[in-house]
1. Rounded to the nearest 500, what is the protein assembly as shown's calculated 222 nm mean residue ellipticity when only DSSP H runs of at least 4 contribute -39500 (n - 2.57) each, over all residues?
2. Suppose R0 equals 22 Å; then what is the FRET efficiency for A:M176 and A:L15 from their Cβ-Cβ distance, rounded to the nearest 0.05?
3. May I ask you to work out the translational diffusion coefficient for segment A:62-210 at 37 °C, viscosity 0.692 mPa s, via Stokes-Einstein with Rh from the Kirkwood sum over Cα pairs, reported in whole µm²/s?
4. I'd like the antiparallel share, as a percent to the nearest 5, of DSSP beta bridges with both residues in the protein assembly as shown.
5. Mind checking the dipole of segment B:17-133: about its Cα centre, +1 per Lys or Arg Cβ, -1 per Asp or Glu Cβ, Debye to the nearest 20?
6. Run the dipole for segment B:133-257 about the Cα centre, Lys and Arg Cβ at +1, Asp and Glu Cβ at -1, nothing else charged, and hand back the magnitude in debye, nearest 20.
7. In a shell of Cβ-Cβ distance under 15 Å around B:L215, excluding B:L215 itself, what net charge do Lys and Arg (+1) and Asp and Glu (-1) give?
8. Taking the Cα centre of the protein assembly as shown as origin, work out the dipole magnitude from +1 charges on Lys and Arg Cβ and -1 charges on Asp and Glu Cβ, in debye rounded to 20.
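Nothing in this text is a laboratory measurement; each read-out follows from the coordinates by a stated rule. These figures come from a predicted structure and were not determined experimentally. Heads up, the Cβs are rebuilt from the backbone with ideal geometry, glycines too, and the neighbour counts pull from every protein chain shown.
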Amino acid sequence: MNVLRFMLQNQTQVLELTGEHLWLVGLSTLFAIAIGVPLGIMIAHRPRMNKPVIATANVIQTIPSLALFGFLLPTPWLGERADRLAILALTLYALLPIIRNTYTGIRGIDPAIIESGRGMGLTPSQLLFQVELPLAMSVILSGIRIAVVISVGLATIAAAIGAGGLGEFIFRGLAMVDNRVILAGAIPAAILALSADVAVGWLERRLQPK
Amino acid sequence: MEQTSSSPAIEFLDVSYFVSQTPILAQFKLQVSRGETLVLLGRSGSGKTTTLKLVNRLVAPTAGQVWVNGKSNAEVDVIELRRKIGYVIQEVGLFPHFSVERNIALGPRIAGWPDARIRARVEELLALVGLDPQLRSRYPHQLSGGQRQRVGVARALAADPEILLMDEPFGALDPLTRDEVQREFLSLQKRLHKTVLFVTHDLREALRLASRIALLEAGRLVTVLEPQEFMRSSDPWAAAYVRAFESGWDLAKGNRP
């Protein structure tokens, strides 16, 4: 109850930080999709590129988030603003599930379908947009769903480098040893993660091939 | 691709195909005349499927040339080439997210036919392969194996290709359904006179459908014979086939089923 009262009293700030949080997660996810899906398509078509690309994304994933934020700090244009840094770091973390699921989704299509499509004279882009992407879509979306949920959690750490977001409450609460303040950040973050999970999950089921 | 009708529909000129030093097909020479059903007979790994894929260039030869309608198929645009050749495979390969109608309409649609003409064509093809017109809005997973295979044939015929490549199209069907679609194939072919290159390992199917049978063994063409000749052939490979066939069947020699 105390938490709720605190959140209501600081309504504007809760909303503002939630907005910042959404901005960090939303933009980084968009970037990760824009980079990850084409990369996933590329390695699905050129299996030799598979190992190096997935391995690189894997390595990025293993860097502790605080360390990654720290590494990126001295970067010229990015280091000027904390939110740019945070978005770059979040994008990098979101890449692995998106690349991997795009790859898996396309490679998982029955080869007979691809071959009959090629045999009928579909161009590579017709094959991609009419066959491969629609059939891989639900797997790709489940990768995006994982990426979003991870990002919502990770974005709280972005507050450590001053990028804003709901992590502000969490770090402040930790410093003040005040659970109310911590929860005022953690609860909205959890709600964001759950809603994103449900929303993308719904889309995923809708686009499930028959 | 309109050429003088004297040139063979398909011609293999000393074609070899290697996968990392291993010959899959060696110095393969064969002519397929217009309107005939040439069956490539052989066991698994004999190179039948590769031979088929050389025609629509899903496989490119290591050496030699494949001529289609009087032209090397390496010199024409591969997409154009494939659009003029119907292709049916055992797994059918229908698009699971497309309805029967959209599957059949695929070829005409990518060729840019107007909608009305496509609709009429789908109607015509459903009737041609003996499918209930009400199936047009179904999805492949809602069909039986025999129905799927008929849709596969309809799709291959949709853009009215002169050449049809069929890779064990009836191999996965139960014997009764297979018998049915084979009969339909014969009556269809009597009307359409397509040039058909048909792959099977089933001698019975070959005898029934072929105008000529090309026997393959370990990537080499052993012999090309008409069905009646095949049963009497002294060629050891052909004889081996006939023996295996007859040990399972008490049918009189030389009778085409």
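1. On the way: 19 runs with 259 residues, N = 467.
Helix contribution divided over all residues of the protein assembly as shown: -18000 deg cm²/dmol.
2. Working: r = 21 Å, r/R0 = 0.95.
Calculated value: 0.60.
3. On the way: Rh = 17.6 Å.
D, rounded to a whole number, is 186 µm²/s.
4. Values: 19 of 38 bridges.
Among the beta bridges of the protein assembly as shown, antiparallel pairing accounts for roughly 50 percent.
5. Working: 15 positive and 10 negative charges, 64 e Å.
So the dipole magnitude of segment B:17-133 works out to roughly 300 debye.
6. The calculation lands at about 400 debye.
7. Working: positive: B:K29, B:R43, B:K48, B:R204, B:R212, B:R220, B:R232, B:R243; negative: B:D202, B:E205, B:E217, B:E226, B:E229, B:D235.
Residues near B:L215 contribute +2 overall.
8. Numbers: 48 positive and 40 negative charges, 40 e Å.
Here the protein assembly as shown has a charge dipole of around 200 debye.
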